[in-house]
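Data block below; observations after.
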Amino acid sequence: MAANIKDVARLAGVSITTVSQILNKKQDFPVREETRKRVIDAARELHYIPNPIARSLVQQKTRLVGMAVPDLRNPFFTEIALGCQEAAAQRGYRLQIANTNEDFDSELQQLHEFAAEKMDGIILVPAARRDSRKEQSSIFNLPIVNVDRTAGYPDICGSIYVNSEKGAYEAVSYLLRRGRRRIAFLAGPLSSKTVTDRLEGFRKALEENGLSCSEKDVFEGGFEQNWGFMITEKIISSESPYDAFFCGDDLIALGAISALQKKGLQVPGDIAVIGFDDIFVSELIYPKLTTVRQPSYDLGLRSMELLIKNIESEQDVPEKIITLESEFITRESA
């Protein structure tokens with residue numbers, strides 16, 4: 001017969017409440033480390049496995065968190081998800097991840113499904129293109145933490161970003177110091193806050209060096225390698241006026257480098273290329289990609305910690321906005 005919580009309490013010589021608090025990883029429960037170890041050892045000896053259904057009925061919580069991500073094929077978002085998973089596991093929560101394919105309607109449907117499945121909260125990396133009317137009228141009655149991009153759902157209890165403007169400013173300033181004067185921004189979707197922030201950093205660096213930012217030097221598209229390849233082919237199909245590309249993310253940069261090499265152009269000899277994110281393949285290509293590193297794993301870790309704080313708080317927690325810093329990484333492509 002399977003052991004129950006009473007058996008663990010009896011073997012450890014503590015109350016059922018103490019066993020419950022320790023095994024549910026309540027960080028604020030006052031207990032000596034010796035007692036905590038005794039309970040955990042007793043549970044292991046008895047092969048005790050907590051019943052999540054019974055626990056959810058008692059606590060009126062499922063200890064399930066939903067996560068909606070725009071593109072799990074993008075290693076940047078995968079790293080965020082890994083950080084979320086680690087933080088959730090540390091606190092005894094399970095994570096269910098859904099891919100929204102950069103589509104707002106798919107995102108909205110997924111959030112409704114999370115609410116119907118009685119999730120305790122939601123981590124959201126929003127799709128780039130939004131429908132403000134729909135999202136402002138969508139109520140899920142669940143705390144939502146917004147990651148990397150902005151969304152307008154009323155249930156949002158916190159947001160966590162990276163300082164994209166500063167990262168872009170440092171990257172473009174580096175290009176200018178290296179003598180590059182004709183720089184294009186292969187931007188990604190301008191409906192995304194991360195892109196508009198990077199555009200602001202791009203513009204600021206140019207203006208501080210006596211150059212203007214022209215609309216014709218900013219190319220809008222998607223955070224996709226294929227788009228980076230296609231837009232670069234289009235730019236260089238006639239005589240290119242550019243000696244450098246600053247890209248909205250690393251996937252765009254990888255596509256750009258591939259198109260330049262196909263054309264027989266040298267990187268960085270003819271055209272320098274800088275990305276944004278520092279995904280793992282950035283060091284595997286030739287030339288190795290100069291980029292702006294985002295703390296993607298920490299984005300996930302911190303967002304989940306913020307969400308769980310809201311889930312477990314007995315009082316309303318004021319909305320919190322966290323901004324992490326990026327890091328410029330010099331390699332071979334610029």
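Okay, residues lined up against (1) touching a Lys or Arg at 6+ places or on another chain (Cβ under 8 Å); (2) at pLDDT below 95:
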position: 172; (1), (2): no, no
position: 180; (1), (2): no, no
position: 189; (1), (2): yes, yes
position: 207; (1), (2): no, no
position: 238; (1), (2): no, yes
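Checking each residue in segment 140-166 for being within 16 Å of the chain's Cα centre (by Cα), crowded, with 21+ Cβ neighbours inside 10 Å and of a type outside the set (D, E, K, R) picks out 144, 145, 146, 147, 151, 158, 159, 160, 162, 164. Tell me, yes or no, whether segment 311-321 has at least one residue that is touching a residue at least 24 places away in the same chain (Cβ under 8 Å) and crowded, with 24+ Cβ neighbours inside 10 Å. For segment 311-321, residues touching a residue at least 24 places away in the same chain (Cβ under 8 Å) and crowded, with 24+ Cβ neighbours inside 10 Å: absent. Assess whether residue 307 counts as being within 18 Å of the chain's Cα centre (by Cα) and buried (at least 24 other Cβ atoms within 10 Å of the Cβ). So residue 307 fits the description; yes.
Scanning segment 300-319 for residues that are closer than 13 Å to residue 88 by Cα, in contact with a helix residue (DSSP H, G or I) (Cβ under 9 Å, 6 or more places away or on another chain) and among the hydrophobic types (A, V, I, L, M, F, W, C) yields 301, 304, 307, 308.
Might you check whether a residue that is assigned to a strand (DSSP E or B) and outside the structural domain of residue 129 (by TED's automatic domain parsing) occurs anywhere in segment 247-257? Yes, that holds for at least one residue. Of the residues 321, 274, the single one that is modelled with pLDDT under 95 and hydrophobic (A, V, I, L, M, F, W, C) is 321.
Within the bounds of segment 135-153, is there any residue that is over 17 Å from residue 300 (Cβ atoms), in the same structural domain as residue 100 (by TED's automatic domain parsing), acidic (Asp, Glu) and out of contact with any Gly (no Cβ under 9 Å at 6 or more places or on another chain)? Taking every residue of segment 135-153 in turn, none turns out to be over 17 Å from residue 300 (Cβ atoms), in the same structural domain as residue 100 (by TED's automatic domain parsing), acidic (Asp, Glu) and out of contact with any Gly (no Cβ under 9 Å at 6 or more places or on another chain).
One residue is enough: does segment 230-245 have a residue meeting the conditions crowded, with 21+ Cβ neighbours inside 10 Å and not in a helix (DSSP H, G or I)? There is at least one residue in segment 230-245 that is crowded, with 21+ Cβ neighbours inside 10 Å and not in a helix (DSSP H, G or I). Residue 274 passes all but one of (1) surrounded by 23 or more Cβ atoms within 10 Å (Cβ to Cβ); (2) not assigned by TED's automatic domain parsing to the domain that holds residue 187; which number fails? Residue 274 satisfies every listed condition except (2). For the residues 274, 231, the requirement of being over 13 Å from residue 183 (Cβ atoms), touching a strand residue (DSSP E or B) at 6+ places or on another chain (Cβ under 6 Å) and of a type in the set (A, V, I, L, M, F, W, C) singles out 231. Filtered by the rule that a residue be hydroxyl-bearing (Ser, Thr, Tyr) and over 21 Å from residue 249 (Cα atoms), segment 306-334 gives a lone residue, 313.
Filtering segment 9-20 to residues that are buried (at least 19 other Cβ atoms within 10 Å of the Cβ) and under 39 Å from the mean Cα position of the chain (by Cα) leaves 18, 19, 20. Any idea which residue in segment 279-302 is modelled with the lowest pLDDT, counting only those that are more than 13 Å from the chain's Cα centre (by Cα) and of a type in the set (D, E, K, R)? Ranking the qualifying residues of segment 279-302, first place goes to 283.
The values are calculated or read from the model by the stated rules, or taken from the named source; none is laboratory data. Quick caveat: nothing in here was measured; it's all calculated off a predicted structure. We place every Cβ from the backbone using ideal geometry, glycine too, and count neighbours over all the protein chains shown.
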